[in-house]
1. Picking from A:419, A:441, which residue would you name as being touching a Lys or Arg at 6+ places or on another chain (Cβ under 7 Å) and modelled with pLDDT of 90 or more?
2. Take the residues in region B:76-94 that are more than 18 Å from the chain's Cα centre (by Cα) and polar (S, T, N, Q); name whichever of them is least open to solvent (accessible area, probe 1.4 Å).
3. So for region A:424-442 (the condition being under 21 Å from residue A:494 (Cβ atoms) and of a type in the set (Ser, Thr, Tyr)), does at least one residue qualify?
4. Can you go through B:213, B:188 and tell me which one is within 24 Å of residue B:85 (Cβ to Cβ), open to solvent by less than 80 Å² (accessible area, probe 1.4 Å) and more than 16 Å from ligand 2 (Cβ to nearest atom)?
5. Are any of the residues in region B:108-115 open to solvent by 10 Å² or more (accessible area, probe 1.4 Å), within 16 Å of ligand 1 (Cβ to nearest atom) and not in a strand (DSSP E or B)?
6. Quickly run through region B:36-71 and pick out the residues that are of a type outside the set (Asp, Glu), more than 13 Å from ligand 1 (Cβ to nearest atom) and closer than 19 Å to residue B:195 by Cβ.
7. Applying the selection to region A:420-434, what residues are open to solvent by less than 10 Å² (accessible area, probe 1.4 Å) and either touching a His at 6+ places or on another chain (Cβ under 9 Å) or under 15 Å from residue B:160 (Cβ atoms) (or both)?
Amino acid sequence: MAETNAGPMLAADGTPLKKSLARALRRQKLRALMLIAPLLIFVLVTFVIPIGDMLLRSVKNDIVADTLPATVEVLGDWDHDAQELPGDDVWTAFYVDMWFAAERKEHTRLGTRLNYELTGVSSLFRKTGRRVDRFDTDIYADQFVALNPEWEAPQTFAAMLDGPAADELPLTADAWARWKEFNVEEGDAVLEEDVPDFVYTALHYELSQGAEVTGASERLRAAAAAVGEFETVSLRDQFADADEDWLDPEVWKTIQLYSPRVTPGYFANAADMQVTPEGLESRPENQQIYGVLFKRTLFMSLVITGSCILLGYPVAWLLANLPMRVANLLMILVLLPFWTSLLVRTSAWKVMLQQQGVVNDVLVWLGLVADDARLTMINNQFGTIVAMTHILLPFMILPMYSVMQTIPPSYLRAAKSLGATNWTAFWRVYFPQSVPGIGAGSILVFILAIGYYITPEIVGGNTGTFISNRIAYHISSSLNWGLAAALGTILLVVVLVLYWAYDRIVGIDNVKLG
Amino acid sequence: MADTQSADAFVEFERVQKSYDGETLVVKDLNLSLPKGEFLTMLGPSGSGKTTCLMMLAGFETATHGEIKLDGRPINNIPPHKRGIGMVFQNYALFPHMTVAENLAFPLEVRRMGKSDREAKVKRALDMVQMGEFGGRRPAQLSGGQQQRIALARALVFEPELVLMDEPLGALDKQLREHMQFEITRIAHDLGITTVYVTHDQTEALTMSDRVAVFNDGRIQQLAPPDQLYESPQNSFVAQFIGENNTLDGVVQEIRGDHCTVKLEDGSIIDAKPVNVSQPGEKTLVSIRPERVEMNRDRLNPDAHTLKAEVLEFIYMGDIFRTRLRVAGREDFVIKTRNAPDQRRLKPGEQIEIGWMPEDCRALDA
Ligand SMILES: Nc1ncnc2c1ncn2[C@@H]1O[C@H](COP(=O)(O)OP(=O)(O)OP(=O)(O)O)[C@@H](O)[C@H]1O
Ligand SMILES: [Mg+2]
């Protein structure tokens, strides 16, 4: 029959069928969305956003630019190759920055951050922070006031630096602006406070550098003419006095290297490399720890997954083939570990495997091991593998069991009736059909293992710890969150790559949970 | 009952018992023997032990007592894979991860047959079930009937002498089922295979088999060719299980040779053939097929007893008429008459007289 109506199909009410179908579907989708909305919001707020933020930390590096804004600006021009210390412009800017940092107690955080890159910087900043408001820079204030008593009044600075002179004296203006801000923070009125030394210092520096002040006030022009005669104090010496490490160009190189707000430094560190002005460079042999840790984590996770398959497969088979009542009992035994605390189970392994522990005692009692040569089975890789295999075993057994349960016994019977021995029937017919269960269990166990933390921490000793222990260390002890985030990001990428490879080789639709 | 011992028996069950739980016998004292080339069907209600018998024969269950012999040799201790019995399972049990051709090659492979022989046999088996082009497909890509045919081909490809089939057509629609019934019998007869076939569809049993074993309660109730089973059931279970049947309760009044009279509950007397009643006074269940009931007095013996009946319902079924009557206080008495030109169409409420030849009405155990 020929279609008489060539146009689009119409629904009963005359709207195009496609449109009304889309509308009906949209309502369905909306309802579905509303059903998952609470969970979605919960996951977004408590999980995705914090993790996203965490991952951003692996490249974020605001602290240097935020704490030392003036220094970062002038230090950009410094030639680090010259092996010479930066000039007075840097020292002056740094003095201003340090003064605020010390007042706000931000210098220690900055020191800690830079200490990741150059050891010793932390104490350098701490010491300097204590000294910076006692620098001998008061002579500048005295000399300005001697020149003209008006220099003592904050109003003088306020008037001057709010006017056109600000353009000519950028550092002083900046210092003044930050001083005003600081007073607001502190709840003080800037016009009632004494003008701080660093403002005089900045002014002196800029005037002595020949700032163009011809159009400015009489007072400023007089000062500009007079600064040449002023008695000076070397900021460089002042800093060196606080800590002579300031005379080490390495410190300045590090500050310069880490001034940008985005840094590859954490990732480089996580990959056993370091950022140098010349580019990435691998760390000295004895400082390379993360590569080894990543390799060990992968290797041990694979071993744990393998032993879970070997131990779990027969159990899953039994579970799937026993009569219901017995199978339920066995199932309870499999699930029993879930009902006890992870910590308890791990500690139990410690008791079992330690040198004076149950296993060693039995071996000695049996005469298999000499009393003075008890086996070390804990605080090493062996202990971690044993304990984690035990703990993760249910995650292997359950998917395998649920897949095996769906394989009807008639397949095995059919194979046998066709002439296959028990082994051939199993290997050619049953096993291939149980592979999806193995796949699902393996992915589950492997991914759990690769990020496992508590068990390796307790029984891993030095040789059995995972990358996750290092991440935890950086999160909670060294507080190097950036590095922790970089390590975590790498771990995530590794897992995704493995997942992708698994999908290519085995096929992810070959994974069944039942 | 059935002949238990015969010289040319290919498969033999001797006093076989089976219990799963040690409390109840699922199979009770099973005796069965079938010659080479026979197509035997086990028919019976659900739970009567048919599958259990098949599984014992195939070796997946062991008999609790008794002996099973294959070609004269006891097989109780031979493992399933050495019995060389082809089997078609109820759900086909085609290996889902192998193609059709691989499925068929499997029994040949485990017998270490060479590749070229294997391929030739697989091809021949596929052609036999008219599935030649489907060798490369997976079982999931086949229709139910096609899967069934592959399962059949797989059970036959290694040329077993005995094939067991457990309700292989259960999942198919009526038309396909009838077609497959025909195919299976054809192939089985062409190849001269001994077949044990399980079903609970009686039409299937009657149309396909050389002999049918009717199972109930773990026993063979009757073992006979289809026509005998239908026309001369040995007991009331078989009579009721096979085909449609009218039954009347009564007491034997008199037995004379192969003729007896039975007094029904309302006092009327009928003629019957004594099958398993032996003396007057015994309670009995008489059974008569609907199509053997006669309404025309002229066609009966002159001295035959007749019953009064009232027409309750007349159903026109095309080729036949089905009439429900009230007879001797029962309202489920059915007669069937052929739609012939001279056949009367009865009306509800009509009073008629019915009777039968004494040999068509069997007095069975009560
Ligand atoms: N593995 C088993 N364990 C315990 N009891 C069983 C088992 N298999 C079967 N039975 C019992 O044995 C009896 C006979 O079962 P069987 O499977 O032989 O019946 P069947 O005649 O094949 O029935 P159907 O027509 O429904 O397939 C049933 O009562 C059943 O509950
Ligand atoms: Mg059955």
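The values are calculated or read from the model by the stated rules, or taken from the named source; none is laboratory data. Fair warning: this is a prediction, and the values are worked out from it, not measured in the lab. Cβ atoms come from the backbone with ideal geometry, glycine included; neighbour counts cover every protein chain shown. When the accessible area is computed, the model is the full protein with side chains, heavy atoms only, and any ligands, DNA or RNA have been set aside. Shrake-Rupley method; radii C 1.70, N 1.55, O 1.52, S 1.80 Å.
1. A:419 is the lone residue from the list that is touching a Lys or Arg at 6+ places or on another chain (Cβ under 7 Å) and modelled with pLDDT of 90 or more.
2. Only one residue tops the list, namely B:76.
3. Yes, region A:424-442 has at least one match.
4. B:188
5. No, the conditions are met nowhere in region B:108-115.
6. B:36, B:37, B:39, B:40, B:59, B:68, B:69, B:70, listed by residue number.
7. A:420, A:425, A:429, listed by residue number.
Yes/no matrix, rows are residues, columns are (1) over 15 Å from residue A:96 (Cβ atoms); (2) open to solvent by 30 Å² or more (accessible area, probe 1.4 Å):
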| site | (1), (2) |
| --- | --- |
| A:176 | no, no |
| A:180 | no, yes |
| A:190 | yes, no |
| A:194 | yes, yes |
| A:206 | no, no |
